[in-house]
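J.: What follows is a single structure, and I will ask about it in a moment.
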Amino acid sequence: DNRLASAFDEETQRNLYRNLGRVDKYGIDGSIAYQPIPQLALYAFGSYMKSEIKDDVQVGACTAAQAANPAIPACTTAGQPIFAPTAGKREGGAPAYTFGGSARGMFGPFELGLTAKRTGGRNIYDTNLPICSVQPTTVAPTTCTGTIVYPAKTNAYWLVNLDARLNLEFLGLNDKTFFQVNVYNLFDTLYVGNINSSLSQGSSAPNAQIGAPRTISGTLTVAF
């Protein structure tokens, strides 16, 4: 009840909150680990979340000018509440599922790890509607008078990371000294990372952050 959803607004540099009323949420999350031999460890995980907004959410009230305009059938009297069509829709910004796995091999002083994760699509608006070149007004939030420039949800994507570690004890150093290489986004996947989801289509499209490209880093850790 009174589910609060938040999004960071780049223009005001503040977190904005919206009340979605009652939202039914439930899901399942699981993982399993298996080590068939001492040199190999395997891990798999996954989750699924159901989310349903139960009612339409009020986004404003009709003005006297809107009530007098016959082209706006949603407004008949001044002060009449305006609702976004959110009933039965999924909350914006959260994927319905994630799953993936990892494998780690240990070969003497050398370790190699690989992790892959699949993230499902995320609705941009709580109304689950696409982004239009001409955004609809609050009194007609279900229509798109322009071109659909982006669909209702982001694309699902895979993210694969790699790490390798070499223990330097064989050089006469202690067993806590090592050199490690990490590769983030191994296949240089282009994906939408963070997105500022909102209640419904407004006057402009929301801000989004593109995920980091392939990034390689090396670390030398020395213990005394």
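The values are calculated or read from the model by the stated rules, or taken from the named source; none is laboratory data. Note that the structure is predicted; figures quoted are calculated from it, not measured. We place every Cβ from the backbone using ideal geometry, glycine too, and count neighbours over all the protein chains shown. When the accessible area is computed, the model is the full protein with side chains, heavy atoms only, and any ligands, DNA or RNA have been set aside. Shrake-Rupley method; radii C 1.70, N 1.55, O 1.52, S 1.80 Å.
J.: Every residue in the range 170-211 that is farther than 30 Å from residue 84 by Cβ and either surrounded by fewer than 13 Cβ atoms within 10 Å (Cβ to Cβ) or without any contact (Cβ under 8 Å) to a residue 12 or more places away in the chain (or both), please.
T.: Result: 170, 171, 172, 174, 175, 176, 187, 188, 190.
J.: Which of the residues spanning the range 73-110 are in a strand (DSSP E or B) and either over 20 Å from the mean Cα position of the chain (by Cα) or closer than 30 Å to residue 61 by Cβ (or both)?
T.: 81, 82, 83, 84, 102, 103, 104, 105, 106, 107, 110, listed by residue number.
J.: Additional query: Pull out all pairs, ordered by first then second residue, where Cβ-Cβ is under 8 Å, the residues are six or more apart or on different chains, the first lies in the range 115-131 and is touching a residue at least 40 places away in the same chain (Cβ under 8 Å), and the second is β-branched (Val, Ile, Thr) and in a loop (DSSP other than H, G, I, E, B).
T.: 122/154; 124/154; 126/86; 127/86; 127/142; 129/142; 131/124
J.: So, one more: Can you name the residue in the range 63-90 that is more than 30 Å from residue 119 (Cα to Cα) and β-branched (Val, Ile, Thr) and, of all such residues, is least open to solvent (accessible area, probe 1.4 Å)?
T.: In this case the residue turns out to be 82.
J.: Within the range 23-42, can one find any residue that is assigned to a strand (DSSP E or B), over 20 Å from residue 129 (Cβ atoms), open to solvent by less than 70 Å² (accessible area, probe 1.4 Å) and of a type in the set (D, E, K, R)?
T.: Checked against the condition, which is being assigned to a strand (DSSP E or B), over 20 Å from residue 129 (Cβ atoms), open to solvent by less than 70 Å² (accessible area, probe 1.4 Å) and of a type in the set (D, E, K, R), the range 23-42 yields at least one hit.
J.: Right, here's the next one. Condition test on residue 60, is it surrounded by fewer than 17 Cβ atoms within 10 Å (Cβ to Cβ), of a type outside the set (Asp, Glu), under 19 Å from residue 6 (Cα atoms) and modelled with pLDDT under 90?
T.: yes
J.: Of all residues in the range 53-107, which are out of contact with any Gly (no Cβ under 8 Å at 6 or more places or on another chain) and of a type in the set (Lys, Arg)?
T.: Across the range 53-107, the qualifying residues are 89, 90.
J.: Mind checking which residues of the range 156-193 are more than 17 Å from residue 106 (Cβ to Cβ) and of a type in the set (D, E, K, R)?
T.: Result: 188, single match.
J.: Among the aromatic types (Phe, Trp, Tyr), in contact with a Leu (Cβ under 6 Å, 6 or more places away or on another chain) and open to solvent by 40 Å² or more (accessible area, probe 1.4 Å): is that true of residue 99 in this structure?
T.: No.
J.: I would also like to ask the following. Which one of these does residue 221 not meet: (1) modelled with pLDDT under 95; (2) within 30 Å of residue 147 (Cα to Cα); (3) not basic (Lys, Arg)?
T.: All conditions pass for residue 221, except number (2).
J.: Could you tell me whether the range 118-134 includes any residue that is assigned to a loop (DSSP other than H, G, I, E, B) and on the phi > 0 side of the Ramachandran plot?
T.: yes
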